[in-house]
1. Taking every residue in C:99-106, how many Cβ atoms of other protein chains lie within 10 Å of its Cβ, on average?
2. Once C and D are treated as a pair rather than alone, how much accessible area drops out, both sides summed, in Å² to 100, probe 1.4 Å?
3. Sort D:L104, C:L66, D:L81 from largest to smallest accessible area, using a 1.4 Å probe on the heavy atoms of the protein chains.
4. May I ask which of A:K101/D:K98; A:K98/B:K31; B:K31/C:K101; A:K31/B:K98; C:K31/C:K98; C:K101/D:K98 have a Cα-Cα span longer than 25 Å here?
5. What does the C-alpha gyration tensor say about the overall shape of the range D:1-50? Classify as rounded when a/c is under 1.5, otherwise prolate if a/b is larger than b/c, or oblate.
6. If you take the Cα Rg of the range D:6-124 and divide it by 2.2 N^0.38 Å, with N the number of residues, what do you get?
7. For the rotation taking chain C to chain B, which residue of C has the Cβ nearest the axis, and how many Å away is it?
8. Quick check: at a probe of 1.4 Å, how many percent of the accessible area of the protein assembly as shown sits on carbon and sulfur atoms?
4 protein chains.
Amino acid sequence: MSDSTTSIAELRERMAAFVAERDWRQFHTPKNLAMSLAIEAAELMEHFQWLTPEQSRAVAQSPDRLAAAGEELADVVCYALALANELELDLSDAVRGKMAKNALKYPAERFRGRFGADDPSASG
Amino acid sequence: MSDSTTSIAELRERMAAFVAERDWRQFHTPKNLAMSLAIEAAELMEHFQWLTPEQSRAVAQSPDRLAAAGEELADVVCYALALANELELDLSDAVRGKMAKNALKYPAERFRGRFGADDPSASG
Amino acid sequence: MSDSTTSIAELRERMAAFVAERDWRQFHTPKNLAMSLAIEAAELMEHFQWLTPEQSRAVAQSPDRLAAAGEELADVVCYALALANELELDLSDAVRGKMAKNALKYPAERFRGRFGADDPSASG
Amino acid sequence: MSDSTTSIAELRERMAAFVAERDWRQFHTPKNLAMSLAIEAAELMEHFQWLTPEQSRAVAQSPDRLAAAGEELADVVCYALALANELELDLSDAVRGKMAKNALKYPAERFRGRFGADDPSASG
């Protein structure tokens, strides 16, 4: 897997170069990038819009559908990288920090197989 | 920057462990993850909702606002990692592939400072 | 049902008055309103995020959950009204026009119980 | 304006007939409808994605752009109507209730021209 040898920084730099070559930083306000990320997230969602839970899992086994969904996920990630670039934010620090916070909020032993006391998925 | 030494795979593994420890894969259908990603993208957008373009750029200089936006961006990235895990999709390949496609779609010399012929941002 | 005696215009006027009393039209650019609508749509989605299809149907029978989802749907509608106000767009004309277009795009006899040839929900 | 003579119920009934004729209620779980609404909200947002605040206001004066944005807004409203139908929720009651709640949360005299103490738009 190429993910094993690719650092976050490498992808950020590729994105920064793409934007710089087109002189697009002028349009890359954090507001516009957050909007763009949300638009791409919706396009990703579209691939699963009318599917049952089982059908949505089956997308992983369909090369065409997987490639199509993968392109939308790539768009989401590109805007996440572009936003991290504009905000000069360390993404992996932010991710590790948030996971640590979530680990405290959702202790594994208490939330195993459920989200909370009022979790509808956990109820009988 | 920690992003320089962190591979995509490392963050994916952290996410996978977090999910496995809570036995949450049962809820992690691609459909639910795409929805969750879109929800987090909207929460990120909320931090810029009423800001002018300039005010949105200024978020990078405000430590509190930056940290708050960074947490939402981390949530977005976490769901992107979880979805890549469920779909067994190489994220960096997908990102590089999409950038190559976009480089053909938007040749730098033709799209410098604009998005297209009908780009309202480019109009006089 | 109060919906039987309430015109679209009446709700639009209520929204316009609410905005005018607070001098908020200055923030109500179509861009900001479209963002706000998308944010509220995501908050609405949150009420169904981890539910199975069946659990999501059961929300209609749970007064508390229904009221909570109803508030988010109201927020969505309020921003739709505010946007129609700013754009000076007749909403019911737009809705009727779009339904007529969709009726041509999806002839009832051909799309009964399915969305299209490649509709994954229709496939055996 | 056709909005003056069109009741919410009339549009709901049109939507219900459209769905029934195609036997699509089976796909109209509240979860799917909330997702669909969010997808359409993102498509609406796309029309304003790269615009400055001023350019986004100018959309109201451009017949083509206005019609295009109006179609997306109509899609949003259609899914809002479909969801109200599935949840058997009175939309105008929900809207009036939410406006009353917001009127208490944002008293006009205190929030004139601003959103709150920490409103970045209000800060000098």
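1. Details: counts 7, 0, 2, 5, 3, 0, 0, 4.
Whole-number average of other-chain Cβ neighbours for C:99-106 is 3.
2. Values: alone 9780 and 9810 Å², together 12590 Å².
Summing both sides, the interface buries roughly 7000 Å².
3. Numbers: D:L104 145, C:L66 30, D:L81 5 Å².
Putting D:L104, C:L66, D:L81 in descending order of accessible area: D:L104, C:L66, D:L81.
4. Working: A:K101/D:K98 33 Å; A:K98/B:K31 23 Å; B:K31/C:K101 28 Å; A:K31/B:K98 23 Å; C:K31/C:K98 22 Å; C:K101/D:K98 32 Å.
Checking Cα-Cα distances, A:K101/D:K98; B:K31/C:K101; C:K101/D:K98 exceed 25 Å.
5. Numbers: a/c = 2.81, a/b = 1.13, b/c = 2.49.
The shape class here is oblate.
6. Working: Rg = 18.0 Å, N = 119, 2.2 N^0.38 = 13.5 Å.
In units of the 2.2 N^0.38 Å rule of thumb, it is 1.33.
7. Rotation axis C onto B, closest Cβ, rounded to whole Å: C:A42, 2.
8. Numbers: 10680 of 20930 Å².
In the protein assembly as shown, the share of accessible area belonging to carbon and sulfur is 51 percent.
The values are calculated or read from the model by the stated rules, or taken from the named source; none is laboratory data. The structure presented is a predicted model; accordingly, all values stated were derived computationally and were not measured. Glycine gets a Cβ as well: all are built from the backbone with ideal geometry, and neighbour counts include every protein chain shown. In case anyone asks, the SASA skips ligands and DNA or RNA and just uses the protein heavy atoms, side chains included. Shrake-Rupley method; radii C 1.70, N 1.55, O 1.52, S 1.80 Å.
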